[in-house]
Amino acid sequence: MTTPRWRIWVDWDGDGVWGETGEDLTPEVLRLKWRWGRSLPDEHTAPARLDLELRNDGHKYSPPNAASPLAGNLQAGRRLWGRFAYPYDDFSGVNGTDPAGRSLPVGDGFSWSKQNLSSNGFQVSNGQLRAVTGGFYDALYTVNFGDADCHLGLHYRRGSNGGGGLVLRLVDAFDYLRVRFTAAATVLESVVFGWASSIRTGDALTAGVNYFIEVEMHGPSIRLFATDLDAGSVERKEILDGGGSAGNRTATRHGLWHNGASTADRWSDFGGWRSFFYGRVESIAPNPAGDEPTCRLTARDELRRLETVGIHNLISGANLRSGDVVNKILTWAGFPSGDRQLDRGRVLVANGPRALWRAPARRALGYAQEEEDGFIYLDGLGYLRLEESGHRGTGAHTAPRVTLGTATGSGPYLSGLAWEGGDDGLENRVGFRYRRLQSQGLQQVWRLREVAAIPPKATRDFLAESSAYDAVDRVRTPVSGTDYVAKSSAAGAAPDLTASLSVTLADAANFQGRGRLVRVVNNHATATAYLTLLQLRADRAYSYSEPTIYQAADGVAQGVHGLRSREIDCRFIDHYAAARDVAEARLARKKTPKPRLRLTLPPGGANLMQMVHRRLSDRVRVSYPAMGINQDFFIEQMELEAAAGEVTAQWLVQGV
């Protein structure tokens, strides 16, 4: 049985370079288990998890083994990148041959076809494709993936200035999309009647560097990602965003292109590559027992880290959308700015500030998700995504990507099905409880309630947390004599040592919202300073008004199913329109039970295409006449297991 091509890399030395000696674990993988998505009715996505069982001959993956070639680098926390491909061609075989007509070694029934009529083309050479010059037309070689929205990937090295690249969604030799890699930019073009026009440009690839290029196609959206395999200067980067304007949305042929003028570019390892996991190794567990020692690696994505990062900050600004709110939370949590693909969402914060005080980043993201009525998760490239509430009703989600049935035939099929009614996700009365903040003007927002002793040349930090006000803004730097006073004794006796103190607001980036970190330094050489006064004042001290509830209800659903009520205590929404719109959208989505199915996809060519190329939130149709099922579902969770050449998958789907 044909199986996907796997690549599992761990950046053991932490330098951001993938593909160094010992970092490709693929030959040692005995068993793989991957889980991604959310377990309904829980609406929050759990961190994606990847479990690997590795062949551990010579105890290569045993951390205490000083003789291991990886000794000293076998540490938890290293980045792990997993990707798979179906179909796939490594271009092994007889050198000097043209790939036209060549069957792909991974992918039953997939083969190369040549669309141009001139003599120029490609030649196989030591596992690579090289351009053959000459002829009158561009060289176009494609594989019919049977899917306009597949993932695509390859190893590529640019040598020319725009003489080579990719062809996507080809209709015929005069109608297709093209990606050119020039010295100045990566260019997405539309070719119509043989004439090319630019759609979007992105970052250029450095000449002579080996890259892994991944193309993500979804409806009108086409995005390109590049990973520098040589130097790590681009660990993983989006180099082009097609901007949702790409055409040819039903064409299923994708492949390679060059202009017949240059032989400098190199193409290799072409296929339906899709990154499915990008995270960190969490544990390494060698098992020395038995005839064949093994080692188990467990990894999770960065949602795991966000569970423990605390937020102490203030969201300020007007007319902030949920995407703005999520961006602020991620920035404070230290999540890289380049690792986000966020929908804008609806306006949540219209007026006053919002304090996130002592809130874990994951929980704060959960608040934003509930108030947007959207979906937040990390994709297989390590990009955090916010899908706004309207996301599934637009673009590529309005029609099923595939129909799964019970007959094997030549199409994708399921071999097992578990059915749930979805009653536990029902809500037929929804209330959004929101409150406005009102500024009380200049106020004392905190005061030290003890007399603190600070030894000479010592420093003390105080977390000045307001208990009287819900949010504070424009905290004033403490003023000597007004905001702090120090004496030579706890009773407040002279002499006055206030002048010996320096008082500052420390770590301003991490502590604001309901308080600040106050740092007091006693600069006196010999005397202990006793703080008889230490206070903070803020120009704007906010208190919540009485809460307002917008409530949406459905009497028909209540009559059939009984009262199923849910109340959202808003952390960000502060205005009627947002509370109304989200409550109504949530009610429309959840007022009736949504059936849920757990589908088992056994191995097989058509099923492998679905395992590799489908993603969370894709719409699929399930047709199972014996159970009376013939409707559309959204994919909510994906699981996959591979061992001994066999691969199976399970999807959790929920009715549209």
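The values are calculated or read from the model by the stated rules, or taken from the named source; none is laboratory data. The model shown is predicted, which means the values in this text are computed figures rather than measured ones. Here Cβ is always computed from backbone atoms with ideal geometry, including for glycine, and neighbour counts include all displayed protein chains. Please note that ligands, DNA and RNA were not included when accessible areas were found on the heavy atoms of the full protein model with its side chains. Shrake-Rupley method; radii C 1.70, N 1.55, O 1.52, S 1.80 Å.
A few comments on the model shown:
- Here residue 212 clears all of (1) open to solvent by 20 Å² or more (accessible area, probe 1.4 Å); (2) assigned to a strand (DSSP E or B); (3) not β-branched (Val, Ile, Thr) except the condition numbered (1).
- Sole exception among (1) closer than 28 Å to residue 610 by Cβ; (2) open to solvent by 20 Å² or more (accessible area, probe 1.4 Å); (3) over 30 Å from the mean Cα position of the chain (by Cα) for residue 97, by number: (1)
- Qualifying residues in segment 489-519 (those that are within 17 Å of residue 461 (Cβ to Cβ) and over 41 Å from the mean Cα position of the chain (by Cα)) - the one most open to solvent (accessible area, probe 1.4 Å): 502
- Residue 129 being part of a strand (DSSP E or B) and out of contact with any helix residue (DSSP H, G or I) (no Cβ under 8 Å at 6 or more places or on another chain): yes
- Test for residue 473: is it open to solvent by 20 Å² or more (accessible area, probe 1.4 Å), touching a strand residue (DSSP E or B) at 6+ places or on another chain (Cβ under 9 Å), in a strand (DSSP E or B) and within 30 Å of residue 578 (Cβ to Cβ): yes
- Residue in segment 22-29 that is within 26 Å of the chain's Cα centre (by Cα), of a type in the set (Val, Ile, Thr) and in a strand (DSSP E or B) present: yes
A quick yes/no check of all residues on (1) assigned to a helix (DSSP H, G or I); (2) in contact (Cβ under 8 Å) with a residue 24 or more places away in the chain:
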| position | (1), (2) |
| --- | --- |
| 356 | no, yes |
| 363 | yes, no |
| 368 | yes, yes |
| 376 | no, yes |
| 381 | no, yes |
| 392 | yes, yes |
| 399 | no, yes |
| 404 | no, yes |
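- When segment 595-639 is filtered for residues that are open to solvent by less than 30 Å² (accessible area, probe 1.4 Å), assigned to a strand (DSSP E or B), farther than 22 Å from residue 387 by Cβ and of a type outside the set (Val, Ile, Thr), only 601 remains.
- When 649, 642 are checked against the criterion of being part of a strand (DSSP E or B), free of Cβ contacts under 8 Å to residues at least 60 places away in the same chain and crowded, with 17+ Cβ neighbours inside 10 Å, a single residue qualifies: 649.
- Checked against (1) open to solvent by 30 Å² or more (accessible area, probe 1.4 Å); (2) closer than 23 Å to residue 637 by Cβ; (3) in contact (Cβ under 8 Å) with a residue 40 or more places away in the chain; (4) under 16 Å from the mean Cα position of the chain (by Cα), residue 305 passes all but condition (3).
- Residue in segment 563-574 that is out of contact with any Phe, Trp or Tyr (no Cβ under 7 Å at 6 or more places or on another chain) and open to solvent by less than 60 Å² (accessible area, probe 1.4 Å) present: no
- Single match in 544, 550 (criterion: within 34 Å of the chain's Cα centre (by Cα), within 30 Å of residue 440 (Cβ to Cβ) and hydroxyl-bearing (Ser, Thr, Tyr)): 550
- With respect to (1) open to solvent by less than 50 Å² (accessible area, probe 1.4 Å); (2) part of a loop (DSSP other than H, G, I, E, B); (3) among the small types (Gly, Ala, Ser); (4) within 26 Å of residue 4 (Cβ to Cβ), the lone exception for residue 160 is condition (4).
- All conditions but one from (1) crowded, with 21+ Cβ neighbours inside 10 Å; (2) hydroxyl-bearing (Ser, Thr, Tyr); (3) closer than 30 Å to residue 411 by Cα apply to residue 111; the one that does not is (1).
- Among all residues of segment 267-281, there is none that is free of Cβ contacts under 8 Å to residues at least 24 places away in the same chain and crowded, with 19+ Cβ neighbours inside 10 Å.
- Selection from segment 413-424 of residues that are under 19 Å from residue 559 (Cβ atoms) and surrounded by 16 or more Cβ atoms within 10 Å (Cβ to Cβ): 422
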